[in-house]
Each structure stands twice: as structure tokens, then as C-alpha cells.
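Below is one structure, written out as C-alpha cells; the observations come after it.
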Amino acid sequence: MIVDPKNIIIFCPSKIWGGIEKNVLLRSIFFGENGYYVTVVILKDTFEEKFLNYKNVTVHTIPKRGGDLNMTVVRNYMQLIEKVKPNTVFAAIKRDWWLVSLAAHLKKVPNIILYLGNLRKIRTGLKYHLVFNVFKSKVLVNSDSLKTDLLENSSYFNQENLVRIYNGIELPQTQLITDWKPIKKIKTAKRLHFNRSCRLVKL
């Protein structure tokens, strides 16, 4: 399959609107505004309206998630991947790691990214062996402590397939909070306002 480097599919078939789902919405908006074309996979009759009217963001609904051995779900995911031709697929929820990774691997998607927001047990078994050692999926975590725990307690992870992005936002590295640019801008705005006020008083 020939992929389009600007196409992304994000799988998030969830029934509950929570932190992970809000994170998916923010990621979709961010990528869409930066020139990527995002297809978000969600359950039918759940949160479709929350993803509408954003630049380059399309919603694809599915009737139900299906179990890990449901080859119909894998086939449907493969058909969607074939249609979109994504350079990257992203599974936002741990229970979808296997289905998404399998479908993406069979369609030869270059980048398979799995999200883990808090510590979960990664069982040793054939399923995860395939996901990480054969399909070469990578995991995105949001804290150094979670990354360290996975590296220390699971043989599946290493520095190559485990990436930390702190809550999706890299904070500025500075020793003095007064040096942070937003604060400088606030101080500058206050000085301008004060100077203008003084000129008005003089008039």
C-alpha cells in the first residue's frame, strides 16, 4: 500500500467522554491545523458532534468495538486503512492495541503508535509479543515515571519503542520562572498600558 505522509487515523472507540477522549480531540485539532488529514474512528451515536467542523478532521463511526479475536473488525479496519492510506495509525485506548496493530501491520502502515496514560499491566504472551516484536508498534506515555516503570518491569519496551511526551506539551526549560516568555509578554503589556494611562492623564 502506498501511504500519504499527511494522513493519520486515530482509533478511539469509547463509550465514555473522559481525559483520553479529550486528548484525542486536541490531537486531532492540532494535526488538522498543521496540515495533516485526520480520520477519527469512534463508536456510532457517541461523540461524533464533538469532532465536527474542525479543519482537516473527519469522523468515521463503527457500530461496536468487537473482541480481540473478531476478524470482522480487523477486516473493517484494514478496509478503512486501505481507503485512507495513512502514514500513521494511533490507538488511544489500551484494549484496542491488538486490533489496531494487527490491521495496520497487515496493511504495512509505517508507524503504529499506541497510547498509555497510566500504569497498566502488560501481560507476557503471544499477543503482545506480536504487537511489539513483530508489528514494531511504539508506545506513547505522558510521564517519565510511567516510562521508567515500563522499562524496568516489561521486556517488551526499550528506548526505541517507548516515547514520553509530557501531557502532549513540552514545557520550556528555564531555571527562573520570570524568564518564561509568556510572563515577559504580560509584563510588557502592563508597562504599555501604564505608559498609555500616564499619557492620557497628562492630556
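Annotations for the structure displayed:
- Distance from the range 64-87 to the range 90-132 (C-alpha centre basis), Å: 13 Å
- Computed from the alpha carbon atoms alone, the convex hull of the range 72-127 holds 85 Å³ per residue.
- Electrostatic bookkeeping for Val100 treats Lys and Arg as +1 and Asp and Glu as -1; over the other residues with beta carbon under 12 Å from its beta carbon, the sum is +2.
- Taken over the range 67-177, the percentage of Cα pairs per 5 Å bin, counting from 0 up to the bin with the maximum distance, is 2, 11, 21, 23, 17, 12, 7, 3, 2, 1, 0, 0.
- Here the peptides 113-123, 9-19 are ranked by packing, the mean other Cβ count within 10 Å, and the order with the highest first is 9-19, 113-123.
- Here Ser155 and Asn111 are evaluated by their C-beta separation; at R0 = 22 Å the FRET efficiency comes out at 0.45.
- Summed side-chain charge close to Gly32 - residues other than Gly32 whose Cβ falls under 12 Å, Lys, Arg +1, Asp, Glu -1: +2
- Environment charge of Ser155, counting only residues whose C-beta is closer than 14 Å and scoring Lys/Arg +1, Asp/Glu -1: -1
None of the figures in this text is laboratory data; all of them are computed from the coordinates on show. Since we're looking at a predicted model, the values are computed, not measured. No Cβ is skipped: glycine too gets one built from the backbone with ideal geometry, and neighbour counts run over all protein chains shown.
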